[in-house]
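The values are calculated or read from the model by the stated rules, or taken from the named source; none is laboratory data. All figures in this text were calculated on a predicted structure; none of them were measured in a lab. Here the Cβ positions follow ideal geometry from the backbone for every residue, glycine too, while neighbour counts run over all protein chains shown. Remember, those area values only see protein heavy atoms, side chains included, never the ligands or the DNA or RNA. Shrake-Rupley method; radii C 1.70, N 1.55, O 1.52, S 1.80 Å.
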Amino acid sequence: MKNKNTLASNSMAHFLSQTSLIEYSTTESSKKVFQNIDEFKISKLPNKIQWFNVYGLDHKDEFKKVIHQNNLDDFLMNLIIENEHRNKIIELDNSIFLTFKTLHYVNNNFYFEQMMFIVSPTFVWSIQEKSGDYFQHIRERIAENKGIIRKKKADYLLYRIIEAIVDNYYDAYEKLLEKSTEIKDLSKVKPSPEFAIVIENNKQNLFILKKAISSLREAISKIENLDIEDFETSYFSELKEQANFMIDDIDFDLQQFESSINLIFNIQNHRLNEVMKTLTIISVIFIPLTFLAGIYGMNFKNMPELETQYGYFVVLGVMIFIVLIGFYYFKKSKWFD
């Protein structure tokens, strides 16, 4: 029993250490670290916006207590327990549940991070799979009262958070492009099977990125279509456009890589054709010469030409004539161009 209580106490302490609150209004802002889970109180004051943030998805008991003590929809518990979500939006009685997969590109590989949000017009509760994020600039804008963020409600805060997620997709995209810049300049590479594999790997990474951003775009479209009192959805049209622009850029890069693959095959086919043309020219020239040499190399007794005084020179002349005729034909046919 003592061990069970100790584990529960440690779990609670870990949850509190991973939880923070930013409260702000048009006139002030504050940041708070919780000492007790009972302090996790969601306010519904229209002039005060709260941003709760939790790192880690394994605080199930603590999430349950927060949901119950703040009279949030019980269905949230089922949604939060499920750690593997596709990008989706669920409208509940007094809040919205959103979940996104954020994308990171590290060491030439993609990995995903799950993020979940519970949102109402007066608060945003963000739950992130890993510690650390790319929302620090939003916190700074709130603390320093930059821009219009403190003049807006939680809908605008959610917009800025999702905007940061879209920007992170762009960062992953730019890192991927940095790795593929060299292979786009075909004048600096040697077409080979290895080069084709590199291009194919880059294409697969772009497909992964396109699938992820397309899913995010669909989720943003659902936010745009929400009809909730005191929740402005017009902000999210811009984010959908950003996602569309990114998908267009990815499609363009995919076409470039496809063209590169086609160019490689064309170069290889051209080289093969050049080799085959050279071999054909040599074969056409030497086949008749070999034929003549084969005939006069036979040791039959009754071969009149063998007794001719100038037969050797006549045969050589015929061979030279055949070679010249062949070269004339090839040149006229532009085989040497």
Among the residues of segment 294-319, how many are out of contact with any helix residue (DSSP H, G or I) (no Cβ under 8 Å at 6 or more places or on another chain), in a helix (DSSP H, G or I) and either of a type in the set (Gly, Ala, Ser) or closer than 26 Å to residue 273 by Cα (or both)? 2
Given the criteria β-branched (Val, Ile, Thr), under 30 Å from residue 198 (Cα atoms) and either exposed (fewer than 11 other Cβ atoms within 10 Å of the Cβ) or in contact (Cβ under 8 Å) with a residue 40 or more places away in the chain (or both), does residue 285 qualify? no
Under the condition of being more than 21 Å from residue 101 (Cβ to Cβ) and without any contact (Cβ under 8 Å) to a residue 12 or more places away in the chain, which residue from segment 217-237 is nearest to the chain's Cα centre (by Cα)? 234
Which listed residue is assigned to a helix (DSSP H, G or I), modelled with pLDDT of 75 or more, of a type outside the set (Asp, Glu) and touching a Pro at 6+ places or on another chain (Cβ under 6 Å), from 285, 322: 322
Which numbered condition residue 31 fails, given (1) touching a helix residue (DSSP H, G or I) at 6+ places or on another chain (Cβ under 8 Å); (2) closer than 15 Å to residue 118 by Cα; (3) touching a residue at least 24 places away in the same chain (Cβ under 8 Å); (4) of a type in the set (Lys, Arg): (2)
Criterion (of a type in the set (Phe, Trp, Tyr) and open to solvent by 70 Å² or more (accessible area, probe 1.4 Å)) met by exactly one of 245, 236, 195, 231: 245
Is at least one residue of segment 10-21 of a type in the set (Val, Ile, Thr), closer than 30 Å to residue 212 by Cα and not in a loop (DSSP other than H, G, I, E, B)? yes
